[in-house]
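These notes concern the structure reproduced below.
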Amino acid sequence: MTALIIRDLNDNLGAALKREAKKRATSVNKLVQQYIAAGLQQSSAVAKPGQRNDLAAFAGRWNSKDLREFNAATTSFNQIEADLWR
């Protein structure tokens, strides 16, 4: 198992970690391990091969009908109200 030493940790950050660990009834060490693990899971640097770290899952897939409906619904967004820009 690897040991990690963090030097020159800001006092406020250290106190915040202690408060959060106490609130969660865990040690500061376990809390920091959880934070590191969670942070690395979000990092593209540790993405598994073939795994995507983008918004594709939220964007969905549009077909041509969806695109036509969207364009029709947002046509007015392309109109400039000249009075507002004087």
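A few points about this structure:
- Pairs where the first residue, in the stretch 13-27, is among the polar types (S, T, N, Q) and the second is surrounded by 11 or more Cβ atoms within 10 Å (Cβ to Cβ) and at pLDDT below 95, C-beta under 7 Å, 6+ apart: Ser27/Ala21
- Counted as qualifying within the chain are the helices (runs of 4 or more DSSP H) with 3 or more residues that are modelled with pLDDT under 85, namely 28-42, 56-59.
The values are calculated or read from the model by the stated rules, or taken from the named source; none is laboratory data. In this text, all values refer to a predicted model and were calculated from it rather than measured experimentally. Reconstructed Cβ throughout: ideal geometry from the backbone, glycine too, with neighbour counts over all protein chains shown.
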